[in-house]
Structure formats: structure tokens, C-alpha cells
Amino acid sequence: MMSRSESLERMPAAADPGVTAEIAERLVALPRSRLVTALGQGIVGLHRIIADIRLSGDELLAIVAFLTEVGHHVDRRRQEWVLLADLLGVSTLVHDLSNARPAGATPNTIPGPFYREDVPEMLAGSNISRDGKGEPLEVSGRIQALGGRPVAGAGVEVWHANDQGVYENQDPHLQPEFNLRGRFRTDAQGRFRFLTVKPAGYALPSDGPAGRLMIALGLPPVRPAHLHFRVCRKGYETLTTHVFDRADPAVDRDAVFGVKPELLAEFRALPPRGGRPCHALDLEFVLCPARAGDTEPNGRK
Ligand SMILES: [Fe+2]
């Protein structure tokens with residue numbers, strides 16, 4: 001067992017050595033575990049913040065009320081705690097630390113809440129816009145391994161919001177099922193292609209305490225326009241990522257911190273059709289080999 005002085009050495013110094021040292025001493029008397037380590041560091045850090053800013057009793061009550069309200073915004077369709085973790089950068093930090101990929105491989109990102117795994121596979125070149133609303137977008141891409149070898153037979157799933165920034169499963173009465181979702185298979189050269197419409201960016205919910213907090217800070221919870229992709233192939237790590245519209249004005253202030261330089265893409269202008277602007281997107285994703293013990297999600301390869 002660590003002594004009290006050893007335990008405190010491992011933790012940041014606290015402004016109130018009395019209560020902080022007391023709780024640290026109680027924790028180091030417990031069997032060692034990640035929970036005890038995390039609680040020890042978390043509690044000492046929390047004590048330090050409270051002492052540094054001289055948190056008042058009223059402010060503590062306001063924090064308790066805020067956290068209580070977060071809990072009241074949780075049900076089968078809504079998870080305000082996850083939204084709060086997203087908006088505070090916690091989700092992306094945990095994801096990035098757990099999903100580091102070798103240089104040259106396309107970065108993973110959080111999948112977001114709108115993924116569906118039951119989308120049927122479609123023929124190359126199919127249109128995933130099932131209501132035809134929006135500005136046409138032609139997407140073509142290539143899946144390759146580190147080193148440049150094409151990855152044939154990879155499953156490529158795509159899902160994105162419509163031109164109003166709304167996903168099909170948020171909007172079941174106004175959009176056809178599976179609208180703006182597709183599943184494709186790469187050819188022998190690792191290529192895939194499909195037709196869709198240009199997505200718009202969107203705002204995350206701000207009718208609850210997490211979104212209201214960000215608005216009060218002057219940081220409205222907006223996401224720049226993007227498409228989500230998931231690429232699976234046996235022998236490779238499954239890639240879940242985004243492609244962002246480089247020209248979106250919100251690209252530097254993504255509310256959930258998903259934008260990475262490698263994920264910015266240019267929507268090229270094509271000649272208008274039927275009076276509507278048209279766009280094209282050329283993509284390249286680089287997979288890295290699976291590590292020992294990796295499993296493919298849902299058994300899909
Ligand atoms: Fe999204």
C-alpha cells in the first residue's frame with residue numbers, strides 16, 4: 001500500500017490540504033484499480049478548481065441544478081449526457097486516444113448518433129437520394145491500403161443529412177426510409193461511386209441544458225456540412241470517418257471537434273442540370289491492417 005505522502009506525490013497539490021489530503025488518504029487505503037486512480041485524480045483536480053476560482057455555495061447549487069436538468073433530458077430518444085460529453089470535447093478526446101492510427105491512414109472519428117446498420121447494399125452508381133430533393137452530388141472514391149494498394153471488395157457505407165441538415169431517421173414522416181444512406185462494394189481497383197445530394201450542416205439540439213450552455217457561452221452547437229463513411233474489409237481495421245465541406249463557414253468550429261485536416265474535401269462545381277447547381281466529390285480513404293484481436297463490427301467484411 002502507498003503511504004499518504006506517496007499518494008499525494010502522485011496527485012496535483014491542492015489548495016486545501018485538509019479535506020483533499022483526507023480523501024486521498026482514504027482512497028489509497030483501497031485496493032488499487034483504475035477506478036480508484038481515476039477518482040483520486042478527478043477529486044483532487046476538482047478540489048483544485050474549486051479552490052482556484054473560489055466557488056461559492058450558490059454557484060455549487062447552480063451546478064447541481066444544471067446537472068439535474070441534464071439527467072431530466074434523458075429518455076429512449078434523447079441522451080443529454082452524451083450530448084454534453086460531445087460538446088465538451090470529451091467524446092472526441094476519448095475516441096482519438098483509443099483509435100490512434102498510423103501516419104498516412106485516414107483518421108477515425110466518432111460515428112455520431114444517426115448511423116443505421118440495416119441499409120441494403122446497392123449497385124455502383126446508384127442514387128441514394130430517394131426523394132430527389134437538393135443539389136445533385138456525384139461521389140466517387142477509392143479505398144486503398146497503406147502503401148497504395150487498392151482494397152477490392154470493401155464494404156463502403158455512407159449516411160448524411162439532407163439539404164436542410166436533417167437525417168432520415170430524425171425525420172421519418174418527411175423523408176423516405178433509407179434516404180441519403182447507402183452501402184456499396186469496391187471494385188477490383190478499390191473504387192466506389194454513387195449519386196446523392198449535397199448535404200447541409202446542422203445544429204445540435206439546443207432546447208436542453210447542454211445546448212443552452214454552449215449558446216450562453218457564445219458557442220452555438222453547429223456542425224459543418226459532412227458525409228459519414230464506414231469502410232469494412234477483412235484484414236483491415238474498420239474505418240469510421242467523416243468528410244467535411246471545406247467551404248462550410250462552420251468548418252473551424254465544429255461543435256463536436258470532429259474536423260481534421262485530412263478529412264476536408266472540396267465539392268467541385270459541375271455544370272448545372274435543370275437549373276440546379278451540381279457538385280462532385282472525389283475521395284480517397286486509406287485503411288491500415290487489423291491488429292491482433294480486432295473483430296469486424298456486425299460480422300460484416
Ligand atoms: Fe452527422
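Every read-out reported here was derived from the displayed coordinates using simple, explicitly stated rules and does not represent laboratory data. What you see is a predicted model; the values in this text were computed from it and never measured. All Cβ positions, even for glycine, are placed from backbone atoms using ideal geometry, and neighbour counts span all protein chains on display.
Rounded to whole Å, give me the distance from the Cα center of the stretch 244-291 to that of the stretch 30-78.
Using only Cα atoms, the two centres lie 37 Å from each other.
Of all DSSP beta bridges in the chain, what percent run antiparallel (nearest 5)? Display every interim value, and only then the final one.
Details: 33 of 46 bridges.
Counting only bridges with both partners in the chain, antiparallel ones make up about 70 percent.
Taking the Cα centre of each part, how many Å lie between the stretch 191-211 and the stretch 130-149?
17 Å
Placing +1 at every Lys and Arg Cβ and -1 at every Asp and Glu Cβ, with all other atoms neutral, what dipole size does the stretch 81-182 have around its Cα centre, in debye to the nearest 20?
Values: 7 positive and 13 negative charges, 90 e Å.
Computed charge dipole of the stretch 81-182: roughly 440 debye.
Find, among the trypsin sites (Lys or Arg not before Pro) in the stretch 122-175, those assigned to loop by DSSP (not H, G, I, E, B) with at most 16 other beta-carbon atoms within 10 angstrom.
On the way: sites: R130, K133, R142; in loops: R130, K133.
Here the sparse-neighbourhood loop sites are R130, K133.
Most mobile of A103, A269, A29 per a Gaussian network model of the chain (Cα springs, under 10 Å)?
Comparing A103, A269, A29 in the GNM, the peak value goes to A29.
Among V70, V286, V36, determine the one that fluctuates most according to a GNM of the chain built with springs between C-alpha atoms less than 10 Å apart.
Between V70, V286, V36, it is V36 that shows the largest mean-square fluctuation.
Please give every one of the aspartates and glutamates within straight-line cross-link reach of K234, meaning a C-alpha to C-alpha distance under 16 Å, and leave out same-chain neighbours fewer than 8 residues apart.
Counting by Cα, and skipping residues close in sequence, K234 has these aspartates and glutamates nearby: E157, D187, D294, E296.
At q = 0.15 Å⁻¹, what is the base-10 log of I(q)/I(0) for the chain according to the Debye formula with one equal point scatterer per Cα and no solvent? Please give it to two decimals.
The Cα Debye sum returns log10 ratios of -1.19.
Give the aspartates and glutamates whose C-alpha is closer than 18 Å to that of K260, dropping any in the same chain fewer than 8 places away, or say none.
D86, D96, D245, D248, D252, D282, E284
Setting aside same-chain residues fewer than 8 positions from K133, which aspartates and glutamates have a Cα under 15 Å from its Cα?
Output for K133: D163, E168, D171, E177.
Quote the FRET efficiency, to the nearest 0.05, computed for N169 versus D207 with a Förster distance R0 of 25 Å and r equal to the Cβ-Cβ distance. List each step's numbers first, then the result.
Numbers: r = 19 Å, r/R0 = 0.75.
Here the calculated transfer efficiency is 0.85.
Once label points are set 7 Å from the Cα along Cα→Cβ at both R268 and V64, what is their separation, rounded to one decimal in nm?
Each label point is offset 7 Å from its Cα along the Cβ direction, giving 6.1 nm.
Which of L39, L213, L55 moves the most in a Gaussian network model of the chain with Cα springs under 10 Å?
The residue that fluctuates most here is L39.
Exposure proxy check: H47, H95 ranked by fewest other beta carbons within 10 Å?
Details: H47 21, H95 17.
Going from sparsest to densest Cβ surroundings: H95, H47.
Fewest to most neighbouring Cβ within 10 Å: what's the order for S140, S206, S56?
Working: S140 14, S206 18, S56 10.
Result, fewest neighbours first: S56, S140, S206.
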